[in-house]
Structure formats: structure tokens, C-alpha cells
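Below: one structure, written as C-alpha cells.
Taken together, the values in this text are just the output of simple stated rules run on the coordinates, not laboratory data. Since the structure is predicted, the reported quantities are computational estimates derived from the model, not experimental observations. Note that each Cβ is placed from the backbone with ideal geometry, even for glycine, and that neighbours are counted across all protein chains shown.
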Amino acid sequence: MSHTLKANPLDQRLGSELEEFRRTGVYKRLNFLDSAQGPVVRMEGRGEVIILSSNNYLGLSAQPEVVAAGKAALDRFGAGTASVRFICGTFTIHRALEQACARLVGTEASLSFVSCWNANEAVPGTLLGEDDLVLSDQLNHASIIDGVRLAKAITKCQTGVYQHADLADLDLKLQAARDRRVRMVITDGVFSMEGAIAKLPDLVELCRKHHAVLVVDDSHATGVLGATGRGTAEHFGMVGDVDIITSTLGKALGGAAGGFVASSAAVCDYLTQRARPQLFSNALPPTVAASALAAVEYLEAHPDRVSTLRDNAQYFREQLRSLGFQPLPGETPIVPVIVGETAFAIRLSNELLDDGVFVTGFGFPVVPQGQARVRCQISAAHTREHLDRALAAFRKVGQRLGLI
Ligand code: PLP
């Protein structure tokens, strides 16, 4: 008896959508690295390339102390927690990490999650109820957007979006919601596609005026902004003024994975009691927790890494400008160069890679139509020689494509 193999309807649909992604040039091809993350990596099929597209802002992902701490934790605690936290999946290394994260960002307490994505899902979906409201900046990260959607579905809270960084719009929306029991405002500290910094002093003032709770996702600011890398609040001299901070351990703080919520003891305790991503999912593997803890300690002992990062970013931005490019102005190590159409951004990125420099191109729908870009991310681990080699590639490819 013979059976004719027929693709099921789901595979058929996905197959034709994937074909469409390829046809329209938005299909993502993964680049496989064969070495540790760093300013220069070995990329399969390419050899050595300079990385200008990782969030390894402080260069700590291969820092010997960070790697050694992970290995030691593997020996001491084994591979993993084998349980969710409140049953028997919490190790002393989790407590030590949480104390360090709270100390770093200047809050009473913190609670770790397996990702900042999970932390962002946990905050509105656990802390709000149906009498409450959450307002989210229009350009917030996808994890905040989905966290807010989830909160609406779970808690029946009211949700809204305010125009990007538009304090007048936020003021009106908070005013209109004055009957709500809790009003929560969520913003990125640093907006990752632009490298723009949230207007924290204005946001704090407005939230105080309306008795609203301010949540700042500092994933691109922890280890990056402020004289000692304590984040957006330190940048503005406002450590202690943000009600709830969420951040990732997957970027400047070692780059492995994980995230945290930092806030009052009450907020963190309530999340421990009720946050579903905590209650029903294992905690960070102890190796990852130990590496992240070592990264926080390294940062505290070496604030000079933050100033090197700042100097490198300033140098790269200025040099790009002197070549004739027009990177978005800013103070962060995220340096986007807007080029217009998605296909052009992808071409620029491909040609730079052919020249040994890896910079990702972003197009619609990740960024608005017509504002496709390549986004350079600078690290403290880049030497001037790395940056100069990358700039030489930008000059060569930019001239070839008629950009400069
Ligand atoms: N929030 C922001 C602003 C981010 O850029 C990211 C990651 O890209 C996340 C949250 C998610 O972080 P994680 O990788 O820890 O889930």
C-alpha cells in the first residue's frame, strides 16, 4: 500500500510565507560564530570579522573573571535548578546576583528572570488589575509591547500608547485616566533602534504630578549610561528616582542571558509570590547567574570600562560624520546610519560584511517605512585599530554605493 505524503496545511502556509520573505528580501539568514563574542570573531564561511552589531557593550562576555565564575558555579551547583524557584529551584547564587543587581541600579531589591523579556511580561501582568492603567511609549521594545498586551488579557487592565517621548501627550493621557486606581508608565531607558535616551527628568516629574508609577527598561543603559554604568538614572543624576527598573543580563552584564526587575522590596516580593514566569518556569541556570554576578562585580571595580565605551562611541560617531555619513546624533554606543529603503540597508550591510565588518541592516517593520538603517554598536573592547578598520570599510563601501 502506498501513501502519498502531503504537506499539512500549516507547513504549506508557512512554506509559502517563507518563500515570500525570501522574494521580498526580508528573510533573515543566521550567521554562525565559531569563537567567543568579542570585538573580532570567527564567522563560519567568512573568517575573522569585526563585530559592530553586538550588545557586548563592556566586552565582558569573554572576560576571564566572568567565564571562570560560570565554570566554578557549574562545578558547585551543577547544570541547573531542576525545579521552579518556589519549590526547590533557588540557589544562593541567585540571591547574591539579585543583591548585586539592586546595589548596581540603586534599588531596595531585585528579582532575576530567565530573560528581560520575561521580566517585562511579569511587571504589568502581575502588578496591575482591572481598575488600573498602563501607558507605553510608542517606540518601546517588543517585550514591553507584548507584556502590555498580555497584561490586558490577563488582568483586564486598561492599556494605551503615548507618542514617542511626547510628554504633552502622556500628560493628557494620564489626566484622562485620573479615576484609575494605579497608573503605570513604561518606557525604554535607551531606545535601541535610535540610541535615544528617554527624557527621564520630565518623565519622573510628570509621573509624580499624576501619582503614576514609572517603569524604565534599562536593557541598553545598564553598564552603559552614567559615570559608573548604573544606567539612565545615573546619567541624569537621579539614582533612586525610578519606581521600577527592568534590565537584561544578556547585553553589557556578561551577555549570557537573563534579566531582572529592580524596585522596592514589596514589588519584588509580590512578583516572587505571583509573577507567572517565576512561578511556572525554572530560574536562571547557576552558571549564568554566577557569570552575571561576576560581570556586575567587574563593572563595579572597573568603571573605566564605561568611560572607554563612551570615548569609543564618540570617536566612531565623529569619524563617521567626517567621512560624510550622517549617523543619528546621540550619546549612546548605538550609532544608526539611516539609508532609506530596506533593500539598500541590507545591501550596505552585506557589502560591509564582504569587507570584514558585521553591521546589521534593519528595515520595515522593525523601523518605520523609508527609514531603514544599519545600526553600529560600539564596545569598550574595540581598540582604535578595530574602529579604524571598520571606518575604512565604511568609506570604501559608502563611496561604492554613492552614499558619501
Ligand atoms: N528590552 C529591551 C529594550 C531590549 O533591547 C531587549 C533585547 O533585545 C530586551 C528587553 C529583551 O532582553 P532579553 O534578551 O534579556 O530577553
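Taking the Cα atoms only, what angle lies between the long axis of helix 265-274 and the longest principal axis of the chain, rounded to 10 degrees? So the helix axis and the longest Cα principal axis differ by about 90 degrees. Overall size of the stretch 105-157 from C-alpha positions, given as principal axis extents largest first: 29, 23, 19 Å.
Straight-line cross-link reach from residue 199 at under 20 Å between alpha-carbon atoms covers these aspartates and glutamates, not counting any fewer than eight positions away in the same chain: 137, 166, 169, 171, 188, 217, 218, 234, 241, 243, 331. Residue 389 sits among other residues whose Cβ lies under 13 Å from its own Cβ, and their net charge, with Lys and Arg +1 and Asp and Glu -1, is -1.
For residue 314 and residue 199, a Förster radius of 22 Å and the Cβ-Cβ distance give a FRET efficiency of 0.55, rounded to the nearest 0.05. Of all aspartates and glutamates in the structure, the ones whose alpha carbon falls short of 15 Å from that of residue 396, not counting any fewer than 8 places away in one chain, are 351, 354, 355, 388. Note on the stretch 1-112: Rg/Rh from C-alpha atoms, Kirkwood Rh, equals 1.16. In the stretch 183-299, the C-alpha radius of gyration followed by the widest Cα-Cα span (Dmax) gives 14.6, 43 angstrom. Bridges between two residues of the stretch 64-301, per DSSP, are antiparallel at a rate of about 40%. Taking 7 Å steps out from each Cα toward its Cβ at residue 164 and residue 265 produces label points 4.1 nm apart.
Using a cut-off of 10 Å between beta-carbons, work out the net charge of the residues near residue 132 (Lys and Arg +1, Asp and Glu -1, residue 132 not included).
+2
Kirkwood's formula applied to the C-alpha pairs of the chain gives a hydrodynamic radius of 22.4 angstrom. Taking a straight Cα-Cα cut-off under 22 Å and skipping sequence neighbours fewer than 8 places away in the same chain, the lysines within cross-link reach of residue 28 are 251. Any chance you could list P(r) for the stretch 64-301, counting all Cα-Cα pairs in 10 angstrom bins from zero, rounded to whole %? Values per bin, smallest distances first: 8, 35, 36, 17, 4, 0. Output the 0 to 90 degree angle, nearest 10, between the alpha-carbon long axis of helix 304-323 and the longest principal axis computed from the alpha carbons of the chain. Approximately 40 degrees, to the nearest 10. Taking other C-beta atoms within 10 Å as the exposure proxy, 234, 297 rank 297, 234 from fewest upward.
In a fully extended conformation the segment linking residue 146 and residue 171 would gain 6.7 nm over its present Cα-Cα distance, using 0.36 nm per residue. Restricting the count to DSSP beta bridges whose residues both fall in the chain, what percent are antiparallel, rounded to a multiple of 5? Approximately 60 percent, going by the DSSP bridge assignments. GNM on the chain, C-alpha springs below 10 Å: top fluctuator among 45, 259, 356? For the chain, modelled as a Gaussian network with Cα springs under 10 Å, the answer is 45.
Add +1 for every Lys or Arg and -1 for every Asp or Glu among the other residues with Cβ under 12 Å from the Cβ of residue 170, and state the total.
Local charge sum for residue 170: -2.
What the Cβ-Cβ distance of residue 22 and residue 401 gives, at R0 = 22 Å and to the nearest 0.05, is a FRET efficiency of 0.45. Here the label points at residue 323 and residue 272, each 7 Å from Cα along the C-beta direction, are separated by 5.0 nm in the simple model. Counting every other Cβ atom within 10 Å of each residue's Cβ, 94, 220 order from fewest to most as 94, 220.
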